[in-house]
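K.L.:
Before we start, here is the structure in question, set down as structure tokens.
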Number of protein chains: 2
Amino acid sequence: MSIKSLLIGQPIETRKESHERLSKVTGLAIFSSDALSSVAYATEEILLALVVAGTALINYSMAIAVAIAALISIVATSYFQTVHAYPSGGGSYIVAKDNLGDNAGLVAGASLLIDYVLTVAVSITAGVAAITSAVPSLSEHKVLISLAAIALLMLGNLRGVKEAGRIFSVPTYMFVFSIFALIGVGLFKYLTGSEPSPAVPVEAATSYVTIFVVLRAFASGCSAMTGIEAVSNGIQAFKPPEPRNASIVLIWMAAILGSMFIGISFLADHYNILPVENETVLSQLAAAIFSKGPIYYLIQAATALILILAANTSFQDFPRLSSVMAKDGFMPRQLGSRGDRLVFSNGILILGLVAAGLVVVFKGDPHNLIPLYAVGVFLSFTLSQAGMVRHWLRLRGKRWRRNMIINGLGAVTTAVVLVVIASAKFLNGAWIVVIAIPVIVFMTKKVKSHYDSVARQLSLEGAPRAVEYTHHSVIVPVSGAHQAVINAIRYAKALSKDVVAVYVCFDPMETTRVKQKWNRYGMDVPLIVLESEYRSVIEPLMEYIDGVRETHKGGVITVILPEFVPQKWWHHLLHNQTAWLIKGLLLFKRGVVSTSVPLHLEE
Amino acid sequence: MSIKSLLIGQPIETRKESHERLSKVTGLAIFSSDALSSVAYATEEILLALVVAGTALINYSMAIAVAIAALISIVATSYFQTVHAYPSGGGSYIVAKDNLGDNAGLVAGASLLIDYVLTVAVSITAGVAAITSAVPSLSEHKVLISLAAIALLMLGNLRGVKEAGRIFSVPTYMFVFSIFALIGVGLFKYLTGSEPSPAVPVEAATSYVTIFVVLRAFASGCSAMTGIEAVSNGIQAFKPPEPRNASIVLIWMAAILGSMFIGISFLADHYNILPVENETVLSQLAAAIFSKGPIYYLIQAATALILILAANTSFQDFPRLSSVMAKDGFMPRQLGSRGDRLVFSNGILILGLVAAGLVVVFKGDPHNLIPLYAVGVFLSFTLSQAGMVRHWLRLRGKRWRRNMIINGLGAVTTAVVLVVIASAKFLNGAWIVVIAIPVIVFMTKKVKSHYDSVARQLSLEGAPRAVEYTHHSVIVPVSGAHQAVINAIRYAKALSKDVVAVYVCFDPMETTRVKQKWNRYGMDVPLIVLESEYRSVIEPLMEYIDGVRETHKGGVITVILPEFVPQKWWHHLLHNQTAWLIKGLLLFKRGVVSTSVPLHLEE
């Protein structure tokens, strides 16, 4: 108990739950870290996919970046409408479930849960890559550093991060300003000709290869779009008018994300930067523009910090979504209850452990994790937009046709991109997610059907009224006459007038001794001696119990097992565990309840 | 249950325990397999220790063999006296404990237990070496074959090996005759000059090295002496007059062992056989004398069989010794009880698992295991002989001086050999045993002191007479009104007139609903609502229970926990385990007993 409070602090009372509302400036900092931080790796992923075909295709990178920026604006517009239509919070799970039914909701929910886990794994490993780019000697410890970062986030979130807004503003804005400074200075240096213009690529590639490589690069770049839906989940966190403020923050975020992404991709192209093993593209770019001085290290630090913040948002989204799904009966009930510090502790633990597992399996390298990433994101986008289409069709409110077309465009676009990503990256790891989503959906449905069946079976409606038992027999199996047994007999006499002690005989001499002792100490409870042919206590005892059950139909039987509680754990190994075996067997006998009466040993 | 009876057979009734007595011929077969089988590896171990110094010291092997044969006759004479002095069975544990006290007995017991484990590991791996010498292609699977052999022995002994004597006679006598045939034909061929006389070794070694190497070779050769005490443990298994028959078998065994050992060592020396990687010395010798025809394969088969039998004797000795120690309170009580098939199942399982672990750790190679072997054997020899010296000193019967001198000579000789073995082989693995023996002794003493303390605490002598409780309060913590709860209430009403249901309130709305339902279904049991500030059921409940305990001093409290038993194991994961937590906490509250009342779910 004390280790727990040292790590996560003292329990907090329920009524102290805070209801702080966010301004647009802090709201942007809180909800955009996931989306904005992805520019730290998205450009690099595009380049990495293109260089597979040699340098010939490198200059496609700008075109891909522009296409993704266009996609960002389509998706953002689509979510703009969701924010206004679901002012109480319109996550993909809720929108899809409300409009398209449970199955669509569960698919969206499974996609999002996977997405949150991957956000932690990708952001932390990319953040560590920013650190090891600046301090290469740390690079051999990258897995360890990533695991330590996840452990810290877990602990911080189990404590419940207070004053979150103000702390979060610092690295987010530090990152935004430093990236814009990088782009500005980089563009200036490029335009004033102080840097060389890019060499024209000369290698050629066949057109099949070109199409496939470019599609895969596009799919990789789509990792920039993760987190764009974050605002739509948290509308109620904003100051009123909530939908208006939230939607403005959404547009700001999309604009900043789009321009940072295009800017970095443009500069990487024109500064001839190619992905290398132990340094990120952003680090190379910063070094090329500012050389490795204080400003370079500031950019790396801001990058690492915003990526860690991005991971932190998942530590709030994952437990919240699983608690919503748990309340709907699709997830184990334990995910829906708040812990000592008013947070959903179980969800935080599960997320941290699964993400840590992924970091270990994928050797702490974000490049290995990214192919898994975008499938879940775009599946939830598609379902959410499709749900909105259905929403407008059903409600037919003001300007419903226009709204429906906008969300329809979003749905179709993201569906097409989803297919592109899943197929282009299938063999690189997307298959894992393609399998995992239906598996999770299947599990959630099994969970739900179990809860439903339990609720049916526990219901009192229409069931016959309970009647009192007509008789209560108490049976105490004894191994002799000693303190633990007498303690149990004393308790048994408090339960019923009908108490018997049962002794299983192995050795007639011993039995005679026990009988004599019983006459003296047995509190006038009759001792019944059963014969055992096979040196087992169990069979004769069970037969006796069955006999009593036959005699007193409509009655109930209590079997009292004398037990002693030793002082040290290893003492348990030194005693027969027959009592456990008897309890286990009695659990399946109806009309029989077993009780252990503990005697506490002092030494 | 059915898998168990398939593997080990149906339970056997206690009265069917057999009391078959052994003739001298079957007695020799049963008790000598451990001792006789060691000639399969003892000569090889001597040679292996000598060749470390080149071939210069090889011709010491005969001298060492003769020394060990002399040692065998000393030890056998000493045990001859033990057999007559302890006709009911004079194992080292009993002789040392009776005459030298508990500590000496425990040291002897620990040594023997270790010795039995090593007998299994060494004999099985040596038996597999006999097989792989004949069929070299099996040699890469030697660990697997050894483990399979141990598993078979475990199963066989768990079933209880019947008609043991007659089956055991076959391989033992087959081995004895084939080894004597080998020696006879080998000697004949050597003496008639049809084989080359040995090359005279030319290499030299310094005298320090010589002494150390020869002592180590002697220590290795002492592995031939394991099992020589077997007869003294099982005197009562012989036909009357038991001590006389047993002692005659002991002398036979020593004579056969000594002559086989000297014979093999002599031939190995004169046929210039040196230890090689994948073929045993005995296999090379048999091949040299008979070439690889049917007789060769017969010898290998007999060797493998007798070694497996030797391992089998440990499967009877280890459980028997641990059951004796368990009855004295020095081992967990479970080792003292017979299983379904009248054998000490727990001891058999422990022996098999530990021996299998040793085979894996030491890579299935008997050469790696032998350095651990002889320490335990000679320690138990020494203690047993020393105990006999004390025995004669105390009793001073007929010819006690002569008897004491014989046992004293045995004790001193084996003590000297023990020191030689432990120091010469210390770094090769003997250190493990030197550490393990005091550790086991310490554990046995801890076990004994726990049992003594429990017996003291459970004793009824002198303790105040038990009085009946003055009051019985029943408390049922409920999570609402449903079948499982009503089932528990129904049971509670059978226990006492004073029953209350306790509900912990998190949400006032929900509480009102529960109260209404309770009025309808609650069987007129009062519902007490407790407030919780920290979303925990535990604290308010515990406070309430403490309050009731204060009110009814001299009374007892039963806490009834409604529980439902799901159909599938994974369903448990889907329910809060609060009931378990409550039970765990109540275990440490005196005057409070907790009971789960199960409701069985149908689906």
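The values are calculated or read from the model by the stated rules, or taken from the named source; none is laboratory data. What you are looking at is a predicted structure, and each value in this text was computed from that prediction instead of being measured. Positions of Cβ are generated from backbone atoms using ideal geometry, with glycine treated the same way; all protein chains shown enter the neighbour counts.
K.L.:
Please state which of the following conditions A:GLU539 fails to meet, knowing it meets all the rest: (1) away from chain B (no Cβ under 11 Å); (2) loosely packed, with under 15 Cβ neighbours inside 10 Å.
P.N.:
Answer for A:GLU539: the failing condition is (1).
K.L.:
Just the residues that are closer than 22 Å to B:GLU563 by Cβ, in contact (Cβ under 8 Å) with a residue 12 or more places away in the chain and more than 7 Å from every other protein chain (Cβ to nearest Cβ), please, taken from the range A:579-603.
P.N.:
Residues satisfying the conditions are A:ALA579, A:LEU581, A:ILE582, A:LYS583, A:LEU585, A:LEU586, A:LYS589, A:GLY591, A:VAL592, A:SER594, A:SER596.
K.L.:
Within the range A:286-308, identify whether any single residue is closer than 26 Å to B:TYR534 by Cβ, part of a loop (DSSP other than H, G, I, E, B) and either at pLDDT below 90 or not aromatic (Phe, Trp, Tyr) (or both), and answer yes or no.
P.N.:
Scanning the range A:286-308 turns up no residue that is closer than 26 Å to B:TYR534 by Cβ, part of a loop (DSSP other than H, G, I, E, B) and either at pLDDT below 90 or not aromatic (Phe, Trp, Tyr) (or both).
K.L.:
Let me ask something additional. Just to check your reading of the model, which residue among A:GLU279, A:GLU242 is charged (D, E, K, R), modelled with pLDDT of 90 or more, surrounded by fewer than 21 Cβ atoms within 10 Å (Cβ to Cβ) and assigned by TED's automatic domain parsing to the domain that holds A:MET443?
P.N.:
A:GLU279
K.L.:
For the range A:302-349, name all the residues that are without any contact (Cβ under 8 Å) to a residue 24 or more places away in the chain and among the aliphatic types (A, V, I, L, M).
P.N.:
A:ALA326, A:LEU335
K.L.:
Of all residues in the range A:103-143, how many are buried (at least 24 other Cβ atoms within 10 Å of the Cβ), of a type in the set (S, T, N, Q) and either closer than 24 Å to A:ASP328 by Cα or out of contact with any helix residue (DSSP H, G or I) (no Cβ under 7 Å at 6 or more places or on another chain) (or both)?
P.N.:
The number of residues fulfilling the criteria is 1.
K.L.:
I'd like the residue in the range A:441-456 that is more than 11 Å from chain B (Cβ to nearest Cβ) and surrounded by 13 or more Cβ atoms within 10 Å (Cβ to Cβ) and, out of all such residues, is nearest to A:SER111 (Cα to Cα).
P.N.:
A:VAL441
K.L.:
Among the helices (runs of 4 or more DSSP H) lying completely within the range B:332-440, list those that include at least 1 residues that are at pLDDT below 90 and within 14 Å of another protein chain (Cβ to nearest Cβ).
P.N.:
Counting at least 1 such residues, we get B:345-361.
K.L.:
Name the single residue, out of those in the range A:479-494 being closer than 23 Å to B:ILE475 by Cβ and among the hydrophobic types (A, V, I, L, M, F, W, C), that is nearest to the other protein chains (Cβ to nearest Cβ).
P.N.:
Top of the filtered list is A:ALA494.
K.L.:
Determine which single condition B:SER380 fails, assuming it passes every other condition in (1) without any contact (Cβ under 8 Å) to a residue 12 or more places away in the chain; (2) crowded, with 24+ Cβ neighbours inside 10 Å.
P.N.:
Of the numbered conditions (1) without any contact (Cβ under 8 Å) to a residue 12 or more places away in the chain; (2) crowded, with 24+ Cβ neighbours inside 10 Å, the odd one out for B:SER380 is (1).
K.L.:
Restricting the search to the range B:547-556, which residues are of a type outside the set (S, T, N, Q) and either at the interface with chain A (Cβ under 9 Å from one of its Cβ atoms) or more than 11 Å from B:VAL500 (Cβ to Cβ) (or both)?
P.N.:
Within the range B:547-556, B:GLY547, B:ARG549, B:GLU550, B:HIS552, B:LYS553, B:GLY554, B:GLY555, B:VAL556 meet the criteria.
K.L.:
In the range A:226-239, which residues are touching an Asp or Glu at 6+ places or on another chain (Cβ under 8 Å) and buried (at least 20 other Cβ atoms within 10 Å of the Cβ)?
P.N.:
A:THR226, A:GLY227, A:ALA230, A:ASN233, A:ILE235
K.L.:
Tell me, please, whether a residue that is in contact with a helix residue (DSSP H, G or I) (Cβ under 7 Å, 6 or more places away or on another chain), aromatic (Phe, Trp, Tyr) and closer than 22 Å to B:GLY91 by Cβ can be found in the range B:362-370.
P.N.:
no
K.L.:
Right, A:VAL476: more than 8 Å from every other protein chain (Cβ to nearest Cβ) and part of a helix (DSSP H, G or I) or not?
P.N.:
Against the criterion (more than 8 Å from every other protein chain (Cβ to nearest Cβ) and part of a helix (DSSP H, G or I)), A:VAL476 does not qualify.
K.L.:
Kindly establish whether A:SER459 is at the interface with chain B (Cβ under 9 Å from one of its Cβ atoms) and surrounded by fewer than 17 Cβ atoms within 10 Å (Cβ to Cβ).
P.N.:
yes
K.L.:
Are there any pairs with C-beta distances below 8 angstrom linking a residue in the range A:77-89 that is at positive phi to a residue that is not in a helix (DSSP H, G or I), with the two at least 6 apart or on different chains, and if so which?
P.N.:
Close Cβ pairs satisfying both conditions: A:GLY89/A:GLY234.
K.L.:
Right, next: How many of the residues making up the range A:537-550 are without any contact (Cβ under 8 Å) to a residue 40 or more places away in the chain and either touching a Ser or Thr at 6+ places or on another chain (Cβ under 9 Å) or under 18 Å from A:VAL597 (Cβ atoms) (or both)?
P.N.:
2
K.L.:
Go through the range B:495-531 and report how many residues are within 13 Å of chain A (Cβ to nearest Cβ), surrounded by fewer than 20 Cβ atoms within 10 Å (Cβ to Cβ), in contact with a Ser or Thr (Cβ under 8 Å, 6 or more places away or on another chain) and within 23 Å of B:HIS552 (Cβ to Cβ).
P.N.:
Summing the residues that are within 13 Å of chain A (Cβ to nearest Cβ), surrounded by fewer than 20 Cβ atoms within 10 Å (Cβ to Cβ), in contact with a Ser or Thr (Cβ under 8 Å, 6 or more places away or on another chain) and within 23 Å of B:HIS552 (Cβ to Cβ) in the range B:495-531 gives 2.
K.L.:
Of all residues in the range A:557-578, which are free of Cβ contacts under 8 Å to residues at least 60 places away in the same chain, more than 9 Å from every other protein chain (Cβ to nearest Cβ) and surrounded by 13 or more Cβ atoms within 10 Å (Cβ to Cβ)?
P.N.:
A:THR578
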